1. Could you grab me the full set of residues in segment 51-73 that are in contact (Cβ under 8 Å) with a residue 60 or more places away in the chain and buried (at least 23 other Cβ atoms within 10 Å of the Cβ)?
2. Would you check which residues across segment 202-236 are of a type in the set (A, V, I, L, M, F, W, C) and under 22 Å from residue 133 (Cα atoms) and list them?
3. Looking at (1) within 15 Å of the chain's Cα centre (by Cα); (2) open to solvent by 50 Å² or more (accessible area, probe 1.4 Å), find the lone condition where residue 248 falls short.
4. Failed condition for residue 302, given (1) open to solvent by 60 Å² or more (accessible area, probe 1.4 Å); (2) assigned to a helix (DSSP H, G or I), with all others met?
5. Being open to solvent by less than 20 Å² (accessible area, probe 1.4 Å) and either of a type in the set (Val, Ile, Thr) or over 14 Å from residue 222 (Cβ atoms) (or both) is the filter here; which residues of segment 262-287 pass it?
6. Just one of (1) open to solvent by less than 10 Å² (accessible area, probe 1.4 Å); (2) in contact with an Asp or Glu (Cβ under 9 Å, 6 or more places away or on another chain) trips up residue 241, so point out which.
7. Please specify each residue of segment 133-166 satisfying the condition of being among the hydroxyl-bearing types (Ser, Thr, Tyr) and in a loop (DSSP other than H, G, I, E, B).
8. On the given criteria, is residue 256 within 24 Å of residue 88 (Cβ to Cβ) and open to solvent by less than 80 Å² (accessible area, probe 1.4 Å)?
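The values are calculated or read from the model by the stated rules, or taken from the named source; none is laboratory data. What you see is a predicted model; the values in this text were computed from it and never measured. Counting neighbours? That spans all protein chains shown, and the Cβs are built from the backbone with ideal geometry, glycine included. All accessible areas refer to the heavy atoms of the entire protein, side chains included, with ligands and DNA or RNA removed. Shrake-Rupley method; radii C 1.70, N 1.55, O 1.52, S 1.80 Å.
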Amino acid sequence: MDFDLAPEHELIRRTVREFAEGEIAPVAEQLDRTKSFPYEIVRKLGQLNLMGIPFPQEYGGGGGDTLAYALAVEELTRVDSSVAITLCAHTSLGTQPVYLFGSPQQKQAWLPRLCSGERLGAFGLTEPEAGSDAGNTRTRARLEDGEWVVNGAKQFITNAGTEISGIVCITAEPYRKMGWNASDTRPLTFSDCRVPEGNLLGPRGAGFRQFLHILDIGRIGVAAMGVGLAQGALEQALSYAKQRIAFGQRISKFQAIQSKLADMATEIEAARLLVYKAAREKDADRNFTLTAAQAKLKTGRLAVRCAEEAVQIHGGYGFIEEYPVCRFYRDAKILTIGEGTDEVQQLVIARALGA
């Protein structure tokens, strides 16, 4: 059992970390404050071949594996969740269905543009009455004269309305959100929306099974986000604690602060290994449903806890927007909701255990 990363994985970790610290960190607070979508950053991610990491090079992808993808997501989230979820939703949810279920013609038409970052992908599952209850989907499509006529509504769809969104349409304004302010999240409304019959992904009637598989894949990405956010929160807290003076010494010397930092670091390391295990199971073509759900459940809760502890260590400054931990705190909570709530993860885990 080898816990060391291979050289190619270390390279992508280092590459993404340098990019995140050099290109994203300096503008993250401004993007969050102005709620601006990071078009320039997405363009640069595409130039670095990071918008299609786990897809074959023949389609313009990076030819990497799921672990490489998880490492990239982790490093991005360590600095900014909005950029990370943009890449994560695009890759796991928007591009994967085309790669896994698309026809050769559909792959040739879409994957090169998606993998390059020229176009963003989105995944429209959640509806006003169907989120955790995914089987309660109400949007309907009927085949009429060689076209699918779609009627219904979706909500909370990431990447649905940017200028480079490629495989969704948008009919409404963005939401006001607690976090992920620099990412794009919108509702979609379909009123007799006509789609060519040839745009159907995979065999007719297989959509429910397909999107459950896509959600399993997506959970690995979101779990990597949880680890990345927790790691970023720890680093911010440690840095502040080593500088802040109280009662004549740095607060990092106080046992109460040291206990918080020690617990955060230990839990992060354990959670990170669980995420990497899920990624390796997928890459080995093994059933990864259980591990992905466990990783997602663990890391979402950990991200919330670490962000809260980081704010607490910062004291009053943790409540000030100029400090990254304030943004981390707002961004963390959605990780216990998106890609399946904690309660859904518990249900998936229990069923996988045979309960």
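1. Listed by number, the residues that qualify are 51, 52, 55, 66, 67, 68, 69, 70, 71, 72, 73.
2. First, pick out the residues of segment 202-236 that are of a type in the set (A, V, I, L, M, F, W, C): 206, 208, 211-212, 214-215, 217, 220, 222-225, 227, 229-230, 233-234.
Once the filter is applied, which keeps residues that are of a type in the set (A, V, I, L, M, F, W, C) and under 22 Å from residue 133 (Cα atoms), segment 202-236 yields 206, 208, 211, 212, 214, 215, 217, 220, 222, 223.
3. With (1) within 15 Å of the chain's Cα centre (by Cα); (2) open to solvent by 50 Å² or more (accessible area, probe 1.4 Å) applied to residue 248, the lone miss is (1).
4. (1)
5. 264, 268, 275, 281
6. Of everything listed in (1) open to solvent by less than 10 Å² (accessible area, probe 1.4 Å); (2) in contact with an Asp or Glu (Cβ under 9 Å, 6 or more places away or on another chain), residue 241 misses just condition (2).
7. Start the filter on segment 133-166 by keeping residues that are among the hydroxyl-bearing types (Ser, Thr, Tyr), which leaves 137, 139, 158, 162, 165.
Residues satisfying the conditions are 137, 139, 162.
8. For residue 256, the condition - within 24 Å of residue 88 (Cβ to Cβ) and open to solvent by less than 80 Å² (accessible area, probe 1.4 Å) - is not met.
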